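Worksheet: one structure, shown below.
The values are calculated or read from the model by the stated rules, or taken from the named source; none is laboratory data. All of these numbers come straight from a predicted model, not from anything done at the bench. FYI the Cβ positions are ideal-geometry reconstructions off the backbone, even for glycines, and counts take in every protein chain you see. The area values use the complete protein model at the heavy-atom level, side chains included, leaving out ligands, DNA and RNA. Shrake-Rupley method; radii C 1.70, N 1.55, O 1.52, S 1.80 Å.
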Amino acid sequence: MAPPADLRAWIALLEREGELIRVTAEVDPELEITEITDRTVKAGGPALLFENVKGSQHPLLINQFGTERRMCMAFDAPSLDAVATKLTDVLEMQPPSGLVDKVRGLQKLKSIADSRPKTVRRAASQEIVLEGDDASLDLLPIQTCWPEDAAPFITLPAVITSDPHTGTRNVGMYRMQKLGPRSTAMHWQIHKDGRADYLATDGRIEVAVALGLDPVTAYSASAPLPKHIDEFMLAGFLRGEPVELVQAKTVDLEVPANAEIVLEGYIDKDELTEEGPFGDHTGYYTPAEPFPVFRLTAITMRRNAIYPSIVVGKPPQEDAWLGKATERIFLPAIKMTVPEIVDYDLPVAGAFHNCCIVSIRKAFPGHAQKVMHAIWGLGMLSLTKAVVIVDEWVDVHDYEEVMFRVGANVDPARDVLLTEGPLDHLDHAPTRQFYGGKIGIDATHKGPGEGTREWPPEIEMTPEVQALVDRRWQEYGISLGTSAGNGRIRQSSGPLRRLIRR
Ligand SMILES: Cc1cc2nc3c(=O)[nH]c(=O)nc-3n(C[C@H](O)[C@H](O)[C@H](O)COP(=O)(O)O)c2cc1C
Ligand SMILES: [Mn+2]
């Protein structure tokens, strides 16, 4: 088995696994689909294929990524950590010592070489080619997600550009507000690579937008890679198969051959529009702000193309699991730079950029503060508003335990670091946009080395008594289900609860 090759193989897999429902009742892309999806996502429900969307011939797929199980199915992996392990293997390659090592090393190098996209001449994504007035966004079932949204928004696109100086491709997921049948806004936030390509261009930049990809390639558009790395390369590596690309019809870019729909067009440097408001993944509306205008030159499609969508809003939403995939997949790369990091967690309820909990192997005074600054200097994690540092034995995914450590181990006058730095484009809390306060909380154990009193020992039962009670448990006749205590802090774990936690 390998990850699904295209959206249709993915839909077939979801259906076989009881993870997809086809909805035949007519539904309105204006608000109604959002309400249905919101209820389904929050209940841990299935992917939905709306086959009869008012005003369009095209079915709409949503909630394809909405649970941990589906996210793992997308990668054909038993867990998201297993996906990360594949990357660790490559990142931690050592010089080979024997022949077996050499062969293994070569296989790993080959897996990188084979990740490069492959150009093909014919593509399903170009079965239908619409140009001129025939190319109209009115054909697509674009959702108006929330009541105060300015217009319908394309919410799950893979936006392809090329750096005008280096020629490096970039693929990013940036929402596109429909302005008319042949134009949209392009929501390139200031910290993003797509925006940098646009800013580096004189005059006009060509843009292609792929909709309806295999799930791994779709995910990779949301991955925060360094600018010089092509997201299709990551997709190829994670799929174990290169992404196949075909020359676009009206722009000088290559586009995925397996896409359901491709939008081709351009953006003129000086053409801006008011984008928004939009009900965002912060749980609030982002206000209108100027963004570039995308002008459509062609739409190419597969026959009976399926339109993909996603709704963001108050967490948890479907994007929670795209974010969790990134959290897990990027852990090995983070450890390469900051090896004392054991694990980290970006709470879904914190919209990812608001909070980062990190466990570290603490080795010297000020180590927690060192790691806080490392987080504030690492890629998109630099936008993190609150960093909480705990010791290596604390489970960062168990928020009750983290709260316990923060309460028990923090002297606010000593262990809280207030500083300033860049903040997420969408963060409405700071007084001015893009820049403001940051908080670091050191919830690790301290000791005389850091000028404190001796830290008291934690309470632990002896292993002998634990084993004894395990052995005799039946005898006592106390029924506690699975939560029979072992001295660790426990919490209820319904599916929703788990989703919020993770
Ligand atoms: C569903 C979804 C919607 C997103 N919408 C936007 C957006 O409108 N603008 C933006 O700048 N980033 C958005 N992002 C985040 C980017 O896709 C992410 O930062 C990605 O790394 C950008 O690619 P880049 O690093 O090549 O710029 C979105 C992510 C997801 C999962
Ligand atoms: Mn990028």
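Observations
- The string of couplings for segment 91-98 from the Karplus curve (6.51, -1.76, 1.60, θ = phi - 60°) is 5, 9, 4, 9, x, x, 9, x Hz, one whole number per residue in order, with x for Gly and Pro.
- Probe 1.4 Å - accessible area at E17, Å² to nearest ten: 80
- Relative contact order (percent, whole number), segment 97-237, Cα cutoff 8 Å, 6+ residue spacing: 26
- Local electrostatic count, K314, Cβ distance below 14 Å [Lys/Arg +1, Asp/Glu -1]: -4
- Computed over the chain, relative contact order equals 15 percent, with contacts defined as Cα pairs under 8 Å that lie 6+ residues apart.
- Solvent exposure of the chain, expressed per residue, is 45 Å² of accessible area, with all protein chains present and a 1.4 angstrom probe.
- Nearest-ten-degree value, helix 399-409 long axis tilted from longest Cα axis of the chain: 50
- Protection proxy ranking of 231-240, 209-218 - average other beta-carbon atoms within 10 Å, highest first: 209-218, 231-240
- Mean projected area of the convex hull spanned by the Cα atoms of segment 227-333, taken over all viewing directions: 9.4 nm².
- Highest average packing first - 149-155, 196-202, 453-459, Cβ atoms within 10 Å: 149-155, 196-202, 453-459
- Rounded if a/c under 1.5, otherwise prolate or oblate - segment 164-222, Cα gyration tensor axes: oblate
- Across the protein chains, with a 1.4 Å probe defining accessible surface, the residues F278, F352 rank F352, F278 from largest area downward.
- Segment 84-238 - Kirkwood radius from inverse mean 1/r over Cα pairs (Å): 18.1
- Separation of alpha-carbon centers, segment 281-358 and segment 417-452, rounded to whole Å: 22
- Three-way shape call for segment 384-478 based on the alpha-carbon gyration tensor, with the a/c threshold at 1.5: oblate
- Carbon and sulfur %, accessible surface of the chain computed with the full protein complex present, 1.4 Å: 54
- Within segment 1-147, percent of DSSP bridges classed antiparallel, to nearest 5: 35
- For a straight C-alpha distance cut-off of 18 angstrom, the lysines reachable from K54 (same-chain residues fewer than eight places away being disregarded) are K178.
- For K110, the lysines whose Cα comes closer than 21 Å to its Cα, not counting residues fewer than 8 places off in the same chain, are K86, K102, K118.
- Computed on the Cα atoms alone, the convex hull of the chain gives a volume of 187 cubic angstrom per residue.
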